[in-house]
Amino acid sequence: MNTVLLIIQREYLTRVKKKSFIIMTLIGPLLMSALFVIPAWIATKGSDEMRFVTVIDKTGEFVNTFKDTKEYKFLWRPNSKLKEVKENLKDDKNSAVLLIPKEGVTKGVTIYSNKHIGIGLKSHIARSLSAEAQNINLQKLGITPEHIAASQVHVPVQTVKWTDEGEKTDSAELMMIAGFIAAIIIYMFIFMYGSQVMRGVIEEKTSRVVEVIISSVKPFQLMAGKIIGIALVALTQFLLWGILTGIIVFGLKNFAGIETGGGIGDKLPPGMMEALFTYNWQPLLFSILFFFIAGYLLYASLFAAIGSAADNETDTQQFMLPVTIPLILAFAAAASIMEQPSGNVAFWFSIIPFTSPIIMPLRIAADAYQAWELALSMAILIATITATIWFAAKIYRVGILMYGKKVSYKELWKWIRYK
Amino acid sequence: MEILKAVDIKKTFEAHQALSGVSITCKEATIFGLLGPNGAGKTTLIRIINQITAPDSGEVFFNGKRLQPHHIKQIGYLPEERGLYKKMKTGEQALYFARLKGMSRTDALKRLKFQFDKFDIMPWWNKKVEELSKGMAQKVQFITTILHQPKLLIFDEPFSGFDPINANLLKSEILELKENGASIIFSTHNMASAEEVCDKIALINNSKKILDGEISEIKNSFKTNTYEIIFDGKYNKFKAALTADYEILSTEEKKGENIIKVRLKNPANSNNMLTTMADCGKISSFRELIPSIQDIFIQAVGEGKVNKTQEKSDLPEALAN
């Protein structure tokens, strides 16, 4: 068996068998499905406790304002005295009293309770009262609820893009969000797994196993095996997250009967759902895969070089900073680039190879790119990766055999020129 | 037959000269000792032989052919800076190293089982390396070095980290490997252990080879015809008897015995000396003082230092020594 394959196998298996990997792989989908499920679950289930709200309405105008909900039951008592009610409810933790003063609601109302009042109840009461007070005011001016209903207009806006294949329903917002999520994931994976490469190199140095290995294989083979092995771990985790999240969300929806996604489908403007299905996903998926792998290779080789030049993780700081700055910069710029995906900033960030792995997928998702821009970005990135791996291998080869020496940039430059 | 030949190897790291024209020759089925103080250039030379670093100039021949990348599979190397993956299981790890050397899985497993039994570490097969004692980890390392039955074995400070019992075990293992036809390069600054196992040595100091040859040859060339005589009697008589051909180096009295050290000006005269002395008192011991490799090493290295300081001139000689 090829030695590089053996190294890849070891790097992959030792990491995949680790407890932390298994835990992360299981927790990730749980957290992600929680994002989908919990809002829906809360919406359907609500609070177990029914709260009774006694409304002491001194004005007597708000008889029909408060509709009972699953959580709150309202009792309209215009003639009760606050003191008496308070006395009655002394030990009742589930009740509250709403006092509407004689002067009306404009000066404000007060909620009394033995227990902390949740934001839900407070905003429910505020909303109901404001709407009713507004209605009452409008009626005083002679405008009936019928007038209002008739005057309300909702204008649905549909965006259509002219493309070579004809008109297409545009789905800018949703796609941009998808692009943004892609950028976050690429950023996260480059950071997480890039630094794993670095830690792996340092581990081999500190445990002094490295010289034993490079008496059997070339340093470059060891570096390449490690980088590829860890990339496969990343892809495995990514894939498992996707599959497990799908299973959990699907399972809850079908077997536990919980509506997931917070009913996004119903709230979307017309045409959006259709857009989701007609959208050409291939470029986005392809670009995510390409830029993830390319970005990872670029940064992982740099991280490997950094790891080789250090004896422990604290020594890596001085070299980590210049490497991580473009990555963080790209991530920070992602939000503003999302607003203007065809702008100048977006263009340069998607061309510069140290930021393009994060920014280019964003622009592709927003469909705001020219074919030549993508080609240029990819070409520059591939060229940079080749150069970076060459440099990293030079540093790595010397660095892994250097112990107990604080390395400067000048030193690194010397290493690159060694025969 | 020469298993390894290095010719005029030079290597410079920026301002520091690690090797300046070192040549060594190792014969098949012998143990070659590479001796020298720390920082002399031993490890650099070994790394060049293992193709971990490339020399600036000079050439290495393996088994008569110029050293090629594939030769690595026929070399077993136990580096001075050695270690194992701490979190990996012992057996699994040994298997990994064996397979990196190109062995098949079944072949490697078979030989590993045999060696693990031989070194009495079979119970640790499924334990993580971090649970092993240092000596046990060293055994695992030794096994992985020799497992692929390489033609040439290179041990850099193999005894460091071993207790005396295991060091002995290792020594007999190394000698057995030689009996079975393996050639061994043995690098150390521990002269006593080198003297015990090596057939031939090369002394490296300050990036240069200052001495090489068969151990017995070197010792003979460094002996000074000095004899030590332990006797019961009077010094005066001896002094009177030992005339122009002899030079008395020292006399001392220890635990009731008189010890005298004498240098013969003519090496052939040692028997004459015995007959001369026979009448002077009761001789209980008579032996030639042959310098140990350690003495030779210190002497050779010391001379190098003196030369160096003389070049720089202003250090007092006493300090240099």
Put one equal scatterer on each alpha carbon of the range B:224-288, apply the Debye formula with no solvent term, and list log10 I(q)/I(0) at q = 0.13, 0.29 1/Å to two decimals. -0.28, -1.60
Of A:329, A:151, A:5, whose Cα points farthest to the positive end of the dipole of chain A (charges on the beta-carbon: +1 Lys, Arg; -1 Asp, Glu; origin at the Cα centre)? A:5
Within the under-11-Å Cβ sphere about residue A:109, not counting residue A:109, Lys/Arg +1 and Asp/Glu -1 give a net charge of +1
So, for the range A:51-145, what is the accessible surface per residue at a probe of 1.4 Å, expressed in square angstrom? 66
Residues in the range A:1-33 occluded by at least 50 Å² - accessible area, probe radius 1.4 Å, against chain by itself: A:6, A:10
Out of A:404, A:179, A:246, any idea which swings most in a Gaussian network model of chain A, alpha carbons joined below 10 Å? A:404
Cα radius of gyration and Dmax for the protein assembly as shown (Å): 41.8, 151
So, over other residues within a Cβ distance under 12 Å of residue B:152, counting Lys, Arg +1 and Asp, Glu -1, the net charge is +3
Note to self, chain A gives a 222 nm [θ] from helices alone (DSSP H runs n ≥ 4, -39500 (n - 2.57) apiece, / all residues, nearest 500) of -22000 deg cm²/dmol
Can you give the convex hull volume per residue for the Cα atoms of chain B, as a whole number of Å³? 196
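Net charge near residue B:130, counting Lys/Arg +1 and Asp/Glu -1 over other residues with Cβ under 13 Å of its Cβ?
On the way: positive: B:86, B:87, B:89, B:127, B:128, B:134; negative: A:203, B:131.
Around residue B:130, the charge tally is +4.
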Using the alpha-carbon atoms, what tilt in degrees (0 to 90, nearest 10) does helix B:293-312 show relative to the longest principal axis of chain B? 90
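Output the relative contact order of the range A:281-419, whole-number percent, from Cα pairs under 8 angstrom with separation of 6+ residues.
Relative CO of the range A:281-419 lands at 34 percent.
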Membrane-span-like helices in chain A: DSSP H runs reaching 20 Å or more (Cα, own axis), mean Kyte hydropathy at least 0.5? A:19-45, A:172-206, A:219-255, A:281-309, A:317-339, A:371-399
Quick one: if you take sqrt(5λ) for each eigenvalue of the C-alpha gyration tensor of chain A, what semi-axes come out, biggest first, whole angstrom? 59, 28, 20
Given a 1.4 angstrom probe, what's the average accessible area per residue across the range B:180-282, in square angstrom? 52
For B:134, A:218, the accessible-area ranking with a 1.4 Å probe, largest leading, is B:134, A:218
For the range B:2-220, the charge dipole (Cβ of Lys, Arg +1; Cβ of Asp, Glu -1; about the Cα centre) points to a positive end, and the Cα of B:122, B:53, B:215 closest to that extreme belongs to B:122
Crossing angle, helix B:134-146 versus chain B [Cα axis fit, 0-90 degrees, rounded to tens]: 80
If you roll a 1.4 angstrom probe over the protein chains with everything in place, what fraction of the accessible area of the range B:18-63 belongs to carbon and sulfur, to the nearest %? 49
All lysines inside 28 Å of residue A:86 as judged from Cα atoms, apart from same-chain residues fewer than 8 positions distant: A:58, A:67, A:70, A:73, A:102, A:107, A:115, A:122
Have a look at A:131, A:149, A:330 and tell me which one the Gaussian network model of chain A (Cα, springs below 10 Å) gives the largest fluctuation. A:149
Compute for chains A and B the buried accessible surface, both sides summed, probe 1.4 Å, and express it in Å² to the nearest 100. 2700
Reduction of at least 20 Å² in accessible surface, 1.4 Å probe, comparing all protein chains with the chain by itself, residues of the range A:357-403: A:401, A:403
Crossing angle, helix B:90-100 versus chain B [Cα axis fit, 0-90 degrees, rounded to tens]: 90
To the nearest 10 Å², what's residue B:1's accessible area with a 1.4 Å probe? 140
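The values are calculated or read from the model by the stated rules, or taken from the named source; none is laboratory data. None of these values were measured; they are calculated from a predicted model. Methodologically, a virtual Cβ is constructed for each residue, glycine included, from the backbone with ideal geometry; neighbour enumeration extends over all protein chains shown. Ligands, DNA and RNA are excluded from the accessible area calculation, which covers all protein heavy atoms including side chains. Shrake-Rupley method; radii C 1.70, N 1.55, O 1.52, S 1.80 Å.
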